[in-house]
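Trainee: Could you have a look at this structure, given as structure tokens, before my questions?
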Amino acid sequence: MKFDAASAGNHPKVRLLIADDHTLLAEACKNLLEPEFQVVGVVNNGRDLLRAAESLKPDIVILDIAMPQLNGLDAAEQIKRMMPSCKLVFMTMNMEPDVAAEAFRRGASAYVVKSATAAELVTAIRRALRSESHLSPLITKDTVDFLLRKGGSFSEEKRLTPRQSEILQLLAEGMSMKEIASVLNLKPGTVAFHKYNLMQTLGVRTNAGLLQYAIKHHLIS
């Protein structure tokens, strides 16, 4: 995790925090945006994103969907609970309307695909600051609107608690229960208890089944 030590006192600009596990892309995004905005931090996983958001208090978070340790959807939900006024701009390769709709359900102001132009990303940020929404034209807006009206979020569909969702992603990424316990500051027995319950809830009997479910629901790429 890397934080920029720029002084907010000398740069009274909108404060941005960037989260993307592709370091080159994150750095390119930082260089692109810095003339107009103050990039206060760049992180490469969902866990570091939560810590950085709490510490740096950004005005806007630019984040991906697929990130190690904690995916962007779950991270977004936690950030909005922690800092309701923080604006969320998703920048992702995922062009599925149901994922875009879920991002807006979790509190997103904008959803930009990575094939978009730099100008579109800046426009999305400016709209977010005005409390407006933005959706990349490459995604069918009518479909996203329909899904939002229809209701039924991912979390309602899978009936998992936030903690179970976190543990499911870490299991799908290949972590042992001891490693997960360390990441989440839990006892290994507590992790095992959550794993048993989420397998019962999902009707899954194997780790392979958990992996398939995690991929289907975009917890991992």
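Each row is one residue, and each column tells you yes or no for (1) closer than 18 Å to Ala66 by Cα; (2) of a type in the set (Val, Ile, Thr); (3) over 17 Å from the mean Cα position of the chain (by Cα).
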{"site": "Ala76", "(1), (2), (3)": "yes, no, no"}
{"site": "Ile79", "(1), (2), (3)": "yes, yes, no"}
{"site": "Leu88", "(1), (2), (3)": "yes, no, no"}
{"site": "Ala100", "(1), (2), (3)": "yes, no, no"}
{"site": "Ala124", "(1), (2), (3)": "no, no, no"}
{"site": "Arg127", "(1), (2), (3)": "no, no, yes"}
{"site": "Glu132", "(1), (2), (3)": "no, no, yes"}
{"site": "Val144", "(1), (2), (3)": "no, yes, yes"}
{"site": "Arg149", "(1), (2), (3)": "no, no, yes"}
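Trainee: In segment 58-88, how many residues are among the β-branched types (Val, Ile, Thr) and without any contact (Cβ under 8 Å) to a residue 40 or more places away in the chain? Before the answer, list the steps.
Mentor: So in segment 58-88, the residues among the β-branched types (Val, Ile, Thr) come out as 60-62, 65, 79.
Among the residues that remain, those that are also without any contact (Cβ under 8 Å) to a residue 40 or more places away in the chain are: 79.
Residues in segment 58-88 being among the β-branched types (Val, Ile, Thr) and without any contact (Cβ under 8 Å) to a residue 40 or more places away in the chain: 1 in total.
Trainee: I need a count of the residues in segment 17-45 that are buried (at least 22 other Cβ atoms within 10 Å of the Cβ) and either within 23 Å of Asn94 (Cα to Cα) or assigned by TED's automatic domain parsing to the domain that holds Ser182 (or both).
Mentor: Total satisfying the criteria: 6.
Trainee: From Val99, Val112, Val122, which residue is without any contact (Cβ under 8 Å) to a residue 60 or more places away in the chain and hydrophobic (A, V, I, L, M, F, W, C)? Step through it out loud before you land on a result.
Mentor: Details: Val99 fails: without any contact (Cβ under 8 Å) to a residue 60 or more places away in the chain; Val122 fails: without any contact (Cβ under 8 Å) to a residue 60 or more places away in the chain.
Going through Val99, Val112, Val122 in turn, the sole match is Val112.
Trainee: While we're on this one: Select from segment 175-214 the residues that are without any contact (Cβ under 8 Å) to a residue 24 or more places away in the chain and among the basic types (Lys, Arg) and write down the one among them that is nearest to Asn71 (Cα to Cα).
Mentor: Keep residues of segment 175-214 that are without any contact (Cβ under 8 Å) to a residue 24 or more places away in the chain, which gives 175-182, 184-190, 192-193, 196, 199-200, 203-206, 208-209, 212.
Adding the requirement that they be among the basic types (Lys, Arg) leaves 178, 187, 205.
On the way: Lys178: 20, Lys187: 22, Arg205: 23 Å.
By that ranking, first place goes to Lys178.
Trainee: Next up: Please go through (1) at pLDDT below 90; (2) surrounded by 12 or more Cβ atoms within 10 Å (Cβ to Cβ) for Val191 and return the number of the only condition it doesn't satisfy.
Mentor: So Val191 meets the others, but not (1).
Trainee: Are any residues in segment 147-159 exposed (fewer than 14 other Cβ atoms within 10 Å of the Cβ), in a helix (DSSP H, G or I) and modelled with pLDDT of 60 or more, and if so, which ones?
Mentor: Arg149, Lys150
Trainee: A follow-up question, please. Report, ordered by the first and then the second residue, all pairs with beta carbons closer than 8 Å, sequence separation of six or more or different chains, a first member in segment 46-57 that is under 14 Å from Gln169 (Cβ atoms), and a second member that is among the small types (Gly, Ala, Ser).
Mentor: Correct list of pairs: Gly46/Ala19; Gly46/Gly72; Gly46/Ala75; Leu49/Ala19; Leu49/Ala75; Leu50/Ala75.
Trainee: Additional query: Restrict the check to segment 108-119 and report whether at least one residue is within 29 Å of Val14 (Cβ to Cβ), of a type in the set (D, E, K, R) and in contact with a strand residue (DSSP E or B) (Cβ under 7 Å, 6 or more places away or on another chain).
Mentor: yes
Trainee: Can you tell me which residue is modelled with the lowest pLDDT among those in segment 160-185 that are surrounded by fewer than 23 Cβ atoms within 10 Å (Cβ to Cβ), of a type in the set (D, E, K, R) and not in a loop (DSSP other than H, G, I, E, B)?
Mentor: Arg163
The values are calculated or read from the model by the stated rules, or taken from the named source; none is laboratory data. Keep in mind that what you see is a predicted model, and the values were worked out from it rather than measured. Virtual Cβ from ideal backbone geometry, glycine too; neighbours counted across all protein chains shown.
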